[in-house]
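Contents: one structure, followed by commentary.
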Amino acid sequence: MRSFWKNAWFLVIAVVLPIIAYAAYQLSTLSEDEENISMIYQNQLDAILFSVNQYSDDIVKGWINTMEESMESDTNVDSLISYNLFQFQPAVFQIYIRELDKEIILTSAEADTSFTTDFYQQQLPDPASDQFEQLRNYAENGFQKILSSQFNEGDRSYLLLSFIMLSPNNTVTSRMGAIILDPELFIRETLSTKFQTVAQDKFVVSAYRRDNTDPVYSTADSVNSESIAVTNNFWLLPNYYLAIGTPGKPVQDIIRERTVTNLGILLTLIAFLGIAAFLILRNVRKEMRLAQKKADFVSNVSHELRTPLALISMFAETLEMDRVPTEEKKKEYYQIMQKESGRLTGIVNKILTFSQMDNGKKQFRHDKIDLNEIVAEVVSNYEFHLRTKGFSHVLSLSEEPLPIEGDKEAIAEVLINLLDNAIKYSTDTKEITVRTVKGNEKAVMTVQDKGIGIPKGDQAQVFEKFFRVSVGDLAQSKGTGLGLSLVKQIIDEHKGDVRLESEPGKGSIFMILFPLLKQ
Ligand code: ADP
């Protein structure tokens, strides 16, 4: 058993521990992984929203460009701007350009309100102001900053974008430009195509006004606020923000679900591993026990063979030397030699039958036989043996015949083994009862003794090969541990059943049940 524990420890240290350590590591890093994936995903969504902002910037820069080019061209500024901006850009409401000595105001035909030069004077930075100076500085350094502010007129919101205008070769001019537009129209009419291209059917991209939970525009028909993963400011529209998420479940939920699934798989694997380790250990333990039992078996068998061999050789020697005084004695010695060689044959036959059966090589006959006949024959052959050993016996056969299908020799062997054991394991009360009865579709045979009995804990094991009860005097009595295992195998081959009732000190009953053949 010591090597069993060595094996068990080896399994624990080499296989179970590393896997548990790995699983623990996985468990501890799962939430970290979840955060990492979540972060990478959020960065991606951020980039998508960035591209929407970039796009709206490009659009407005395009308008400014149109204004700048129109101012430099000889053609009529009004018609150029009206054509390029108002006709194709429904969100653009009014254009304002201020030069050193003149001001231009162009209003879209669609506009229902108009703002006067006074309004622009008030809103736009004065050429002498620091703010104007700052814009100029930016522009001179190659960055055309757009100031953006939102205001309400009546119940409508407007966006005022103002900037310093550049010449076509990108030099700063003294012109200040402004565009008034409807921010929501801008989102819905101008930016919506961009929303759709970035969203495809993988995401939902929406724009919200800060004071409203219903989106101004969304690529999906309805938006679940929980599915929004990332929001971002609208660079040009201070009162609005952008939001992006997944169409169905929130991304966090999807990631969490994956994590939980992974966790479940991991735990199931660990559970399987535990079961596998347990089964392996159990098998190893069983194998080790069997190995131990085999070793015992070899020593038992050697012991069993040595006694008759020693007796035979001793008597043969005595006879050879002519040291036997009377003919009667000689006859007795011959008898002993014959009996002992019979015992040797018995043991060798038992081992051979066992080995044949263990290898599945033993062929059984399937004859129609009467159990009563076999039992009567075996017991009558045994009568002399029983009497000489000092046993009294009772044989009680069922009145009706007990037809079964099977191998007569094998069934006789079963009974012989049971009788041998009954003799071997009886000490004070030497009584043996052999009975056959007709049960419910069963032919039943019982062998009862009043011997030493078998402890409860060992009863299940006595049918295992090589098993011998190893307590008290029993260990002294001779045996191979094969008898009952042979019995069990033969009965299994006959689709029968074997039961054992036994109480230490009181005796044992072995009951064999065969399927009864229909008459
Ligand atoms: P063995 O050659 O040791 O008799 P068996 O397989 O026939 O091997 O029996 C296995 C063990 O079961 C025996 O060693 C013995 O301890 C116990 N046993 C079998 N039959 C009896 C019985 N009739 N009474 C008490 N113990 C028994």
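Since every read-out is calculated from the coordinates, none of them should be taken as a lab result. Just so you know, these numbers come straight off a predicted model, no measurement behind them. A quick note on method: Cβ atoms are made from the backbone with ideal geometry, for glycine too, and the neighbour counts reach across all protein chains shown.
The figures follow:
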item: Exceeding the 20 Å Cα-Cα cut-off - candidates Lys339/Lys389; Lys362/Lys456; Lys389/Lys430; result: Lys362/Lys456
item: Extension gain, Arg156 back to Lys408 (0.36 nm per residue minus Cα-Cα distance, nm); result: 79.8 nm
item: Label-reachable residues, segment 19-53, where backbone N falls under 11 Å from a point 7 Å from Asn262's Cα toward its Cβ; result: 26-38
item: Contact order relative to length of the chain, as percent, for alpha carbon pairs under 8 angstrom and 6 or more apart; result: 10
item: Approximate spin-label separation Asp497-Val348, in nm, with each point projected 7 Å along Cα-to-Cβ; result: 4.0
item: Contour minus Cα-Cα distance for Asp58 and Lys368 (0.36 nm per residue); result: 101.5 nm
item: Among Thr116, Leu267, Gln519 the positive-end extreme of the charge dipole of the chain (Cβ point charges); result: Gln519
item: Cα-based helix-to-principal-axis angle, 483-493 vs the chain, degrees rounded to 10; result: 60
item: C-alpha long axis of helix 408-424 to longest principal axis of the chain, angle in °; result: 80
item: Rounded tilt (10° steps) of 251-320 against the dominant C-alpha axis of the chain; result: 20
item: Within segment 13-112, trypsin sites (Lys or Arg not before Pro) in DSSP loop having at most 16 other beta-carbon neighbours inside 10 Å; result: Lys102
item: Estimated distance in nm for a label pair at Lys331 and Lys438, the labels positioned 7 Å out from Cα along Cα-to-Cβ; result: 4.7
item: Net length gained if the chain between Gln338 and Asp221 were fully extended (0.36 nm per residue, minus Cα distance); result: 31.7 nm
item: Helix-only mean residue ellipticity at 222 nm for the chain, each DSSP H run of n ≥ 4 adding -39500 (n - 2.57), per residue, nearest 500; result: -16500 deg cm²/dmol
item: Within-13-Å neighbourhood charge of Ile81 [Cβ basis; K, R +1; D, E -1]; result: -4
item: Between segment 26-45 and segment 46-97, the alpha-carbon center distance in angstrom; result: 42
item: Cut-off 17 Å, label 7 Å out along Cα→Cβ of Ser396, residues of segment 409-440 by amide N; result: 431-440
item: In nm, spacing of pseudo-spin labels at Gln123 and Ile509 (7 Å Cα→C-beta vector); result: 11.1
item: Computed FRET value (nearest 0.05) for Asn233 with Glu133, which takes r as the C-beta separation and R₀ as 25 Å; result: 0.40
item: Theoretical FRET efficiency, 1/(1+(r/R0)^6), r = Cβ-Cβ of Phe143 and Glu69, R0 22 Å, to 0.05; result: 0.65
item: Efficiency of FRET from Cβ geometry, Ala460 and Leu290, R₀ 22 Å, rounded to 0.05; result: 0.90
item: Centroid-to-centroid separation of segment 246-322 and segment 177-231 [C-alpha atoms, Å]; result: 68
